[in-house]
Amino acid sequence: MGRLKLRLLLRLLLFLILALKILSAADFDPYRILGVSRTASQADIKKAYKKLAREWHPDKNKNPGAEDKFIQVSKAYEILSNEEKRTNYDRYGDVGENQGYSQQQHHHFRHFHDSFYFDESFFHFPFNSERRDSTDEKYLLQFSHYINEVVPDSFRKPYLIKITSDWCFSCIHIEPVWKEVVQELEGLGVGIGVVHAGYERRLAHHLGAHSTPSILGVINGKISFFHNAVLRENLRHFVESLLPGNLVDKITDKNYVRFLSSWQQENKPHILLFDQMPPVPLIYKLTAFAYKDYLSFGYVDLGQRETEQMSSQYNINMYAPTMLVFKEHIHKPADVVQARGMKKQVIDDFISTNKFLLAARLTNQKLFQELCPVRKSHRQRKYCVVLLTGEGEPFRKTYDSFLAFASANTKDTVRFVHVYKERQQELASSLLGEDIKPGDSSVAILERRNSAGRIVYKTLASVWSGSEENKFALLDFLDRLRKDPSVLSAEAILSDLNDELAPVFFLRWFYTAVDYWSDVWESVLHNNWREMMPLLSLIFSALFILFGTVIVQAFSDSSDERDSVPSDKEEPGDREKSSEANFTKENTSRVPKKGFVEVTELTDVNYMSNLVRLRPGHMNVVLILSSSTKASLLQKFAQEVYTFTGSSSLHFSFLNLDKHREWLEYLLEFAQDAATIAYQYDEHFLERDYTGYVLALNGHKKYFCLFKAHSTTPEDEKLSDEGELCPPGGDSLRKISLGSGAGHIKKKLNKLSLWMERLLEGSLQRFYIPSWPSLD
């Protein structure tokens, strides 16, 4: 009887779960979400989706439920725009994943009846977007957010990212530990992210997550997977292992003087944390990583005998963590903070006010921009007092006197810096002119007016020797400057400063190789074969190319040697002519052989072959024009892109805006931060002028780059019929001659050639789309 009751209880539980699953599936009705009937056409579905997507996009709609609504709209469109998924939904009430569900449940039920076997899929519960854990809502990542924000921010703090999905029982199992870890690590400065694989498949694939749940870390743009049991300590150690090992130095009585004295070589303040914990606290390591470009960090363990001299010298409290910052004076800290609970906000506030030395040396352009920011308004003026001096012991007294003056004048509007004239010769020549004497030091006061390098400045007439007369003269000039900014009478345009601390080419190559091989070793240890296949393919391809090149080169060298043996009868003049001919041949092979540019009109007929099914690595550069601007824009377009027609991976087309405006508007919706897009219901919707825009379309990877047309005057819009290259009713394939035509050239395509160069360099912003829309 007991066994029979247990079987009945299990059957009842099975039917309850099946009913819950059916009810949850019924809650999601894509027709109701999009507001269309079950007989709606694809055009009606697409139109409804575009309207709702614009209305509920999180970037435009700031309502709390806008993101969930946008996700539902996208999911509904994904189902109804695919005929197979739509048919499955109409037939089974699902999109295909649970088709034949009753047979599967019957199979699982047989296991229950026979041997009480529990299949893991039995516990897959329906956790749709409306039932997601509220703690994960604020951490949800989208692809654009990850690329544009998380990756750049990972150079300042590590990120811990969880990959989850709706049908994941293990995700529920790790949820309590995840909540606890998130609450702790986020307070320490770790970035948190959650990726829903069901709605962000592209991002999950980009991260390399092929199963859920998965946990990974991102630091310096690199991805590392977590492979241990999901426990609080394991996740904490994983985050700590992401950080570089040389962030914090262990400081004792033996090495603290050497550590603090390195401020001049590193051009950074140095920070010491005194605490009684033997390991370096994680919050201190995270702080050191966030500010590694500005300060050097050391840790002093007060529990060791080797630190008693330092504790006594700096009068350290043994019962509370203490942080000291040292600048140019190593025997006296410039600032101190002490707190029993050293919170992140306290540390950040302390460091942000002590990021620079009192008289830092300008070693690169980034430091110059931070120390001497551009003037934002008349009330926010920032002046830089620059000491242009030499390097070495002969100039020590000159620098010390300048440092003493800077220490006594710590106003917010004035920043003191110094420069080695030998290392920054362009800056020295701009401020001193032709009167540069290697043995003299000078002082100049400057104000940056814009980011392009324009400054106003004044160089003191007398040589800076550190005398009292020099100090009084500088103090008097600063007083006059506060009353009358016009005393900075000279102007100049500065070029970017030399990066003095940049490693040499060999070291950069060595560091890159070490990082690469560490990634390879990580992949060999942990990744499965599916994840390893791209790496192995790359290695074997490189080896094949290497050995193939060596063999071909060996044969070509032997043949070249035979061909290069000069004939005894050949005259010296003939040899010179032969070398000149070879030189000319090599140079002419680098430019396109054609005297025209082939530009194909993008139509319904060639849309699939010229874009959607474009081979990997190939791009189609499309010019947007209208019937009235076709001739002049095509001519200018041909002149701008002609030098790039030698690349076999580039194709050139044009799109008629009068025919395919809706297609262009749909594409530009994904580039709203770069181009202002008109809405369908604006009264000036059809007046938006997109002629002169250029799109570089990568059909395989589904992204495009955008060139915005330059604004022109009304006179520029007048078209000239002279030199019309192609009549409007001609063939779709245009061969545009570069030498013909004397008509007016559109100014909208100015600087297109510079944009093409950036396109080939890969430095342009990319806008990804889920799929290419149909051109009709």
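The values are calculated or read from the model by the stated rules, or taken from the named source; none is laboratory data. Predicted model, so just to flag it, every value in this text is computed and none were measured. Here the Cβ positions follow ideal geometry from the backbone for every residue, glycine too, while neighbour counts run over all protein chains shown. In case anyone asks, the SASA skips ligands and DNA or RNA and just uses the protein heavy atoms, side chains included. Shrake-Rupley method; radii C 1.70, N 1.55, O 1.52, S 1.80 Å.
Structure above, values below:
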{"read-out": "Scan of segment 191-207 for residues that are touching a helix residue (DSSP H, G or I) at 6+ places or on another chain (Cβ under 6 Å) and outside any helix (DSSP H, G or I), ordered by number", "value": "Ile192, Val194, Val195, Ala197, Tyr199"}
{"read-out": "Single condition Asp249 does not satisfy, out of (1) surrounded by 14 or more Cβ atoms within 10 Å (Cβ to Cβ); (2) more than 23 Å from Tyr146 (Cβ to Cβ); (3) in contact (Cβ under 8 Å) with a residue 60 or more places away in the chain", "value": "(3)"}
{"read-out": "Any hit, segment 80-98, residues being basic (Lys, Arg) and modelled with pLDDT of 80 or more", "value": "yes"}
{"read-out": "Qualifying residue in segment 238-251 (condition: more than 21 Å from Arg156 (Cβ to Cβ) and aliphatic (A, V, I, L, M))", "value": "yes"}
{"read-out": "Residue within segment 116-134 that is of a type in the set (A, V, I, L, M, F, W, C), in contact with an Asp or Glu (Cβ under 8 Å, 6 or more places away or on another chain) and modelled with pLDDT under 90 present", "value": "yes"}
{"read-out": "Number of positions in segment 593-636 that are farther than 19 Å from Leu749 by Cβ and not polar (S, T, N, Q)", "value": "15"}
{"read-out": "Selection within segment 412-439 - out of contact with any helix residue (DSSP H, G or I) (no Cβ under 9 Å at 6 or more places or on another chain), assigned to a loop (DSSP other than H, G, I, E, B) and open to solvent by 50 Å² or more (accessible area, probe 1.4 Å)", "value": "Asp412, Arg423, Glu434, Asp435, Lys437, Pro438"}
{"read-out": "Selected residue [hydroxyl-bearing (Ser, Thr, Tyr) and either at pLDDT below 90 or farther than 25 Å from Arg156 by Cβ (or both)] from Ser211, Ser224", "value": "Ser211"}
{"read-out": "Members of segment 23-49 found to be charged (D, E, K, R) and modelled with pLDDT of 85 or more, listed by number", "value": "Arg32, Asp44, Lys46, Lys47"}
{"read-out": "Count - residues of segment 601-630 that are open to solvent by less than 30 Å² (accessible area, probe 1.4 Å) and either outside any loop (DSSP other than H, G, I, E, B) or of a type in the set (Asp, Glu) (or both)", "value": "11"}
{"read-out": "Inter-residue pairs, beta-carbon under 6 Å, first under 18 Å from Ile163 (Cα atoms) and in segment 227-243, second of a type in the set (Asp, Glu) and open to solvent by 80 Å² or more (accessible area, probe 1.4 Å), 6+ apart", "value": "Arg232/Glu180"}
{"read-out": "Some residue of segment 484-493 being surrounded by fewer than 12 Cβ atoms within 10 Å (Cβ to Cβ), touching a Ser or Thr at 6+ places or on another chain (Cβ under 9 Å), on the phi < 0 side of the Ramachandran plot and assigned to a strand (DSSP E or B)", "value": "yes"}
{"read-out": "First in segment 460-480 and over 15 Å from Ala408 (Cβ atoms), second anywhere and of a type outside the set (Lys, Arg) and surrounded by 12 or more Cβ atoms within 10 Å (Cβ to Cβ), Cβ under 6 Å, 6 or more apart", "value": "Leu460/Val443; Val463/Asp440; Trp464/Ser441; Trp464/Ser442; Trp464/Val443; Trp464/Asn470; Arg480/Val487"}
{"read-out": "Matching residues, segment 282-313, being part of a loop (DSSP other than H, G, I, E, B) and in contact (Cβ under 8 Å) with a residue 24 or more places away in the chain", "value": "Tyr291, Lys292, Tyr294, Leu295, Leu302, Gly303, Gln304"}
{"read-out": "Residue within segment 324-331 that is open to solvent by 40 Å² or more (accessible area, probe 1.4 Å), over 31 Å from the mean Cα position of the chain (by Cα), farther than 29 Å from Ser495 by Cα and aromatic (Phe, Trp, Tyr) present", "value": "no"}
{"read-out": "Residue that is in contact with a Leu (Cβ under 9 Å, 6 or more places away or on another chain), modelled with pLDDT under 50 and assigned to a loop (DSSP other than H, G, I, E, B), where the choices are Leu764, Leu719, Leu725, Leu775", "value": "Leu725"}
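Yes or no, residue by residue, for (1) at pLDDT 90 or above; (2) of a type outside the set (Lys, Arg); (3) in contact with a helix residue (DSSP H, G or I) (Cβ under 9 Å, 6 or more places away or on another chain):
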| position | (1), (2), (3) |
| --- | --- |
| Lys250 | yes, no, no |
| Lys254 | yes, no, yes |
| Ser261 | yes, yes, no |
| Gln265 | no, yes, no |
| Ile271 | yes, yes, yes |
| Leu286 | yes, yes, yes |
| Tyr291 | yes, yes, yes |
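For (1) surrounded by fewer than 16 Cβ atoms within 10 Å (Cβ to Cβ); (2) touching a strand residue (DSSP E or B) at 6+ places or on another chain (Cβ under 8 Å); (3) under 29 Å from Thr287 (Cβ atoms); (4) touching a residue at least 60 places away in the same chain (Cβ under 8 Å), each residue gets a yes or a no:
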position: Leu141; (1), (2), (3), (4): no, yes, yes, yes
position: Ser154; (1), (2), (3), (4): no, yes, yes, yes
position: Gly193; (1), (2), (3), (4): no, yes, yes, no
position: Ala209; (1), (2), (3), (4): no, yes, no, no
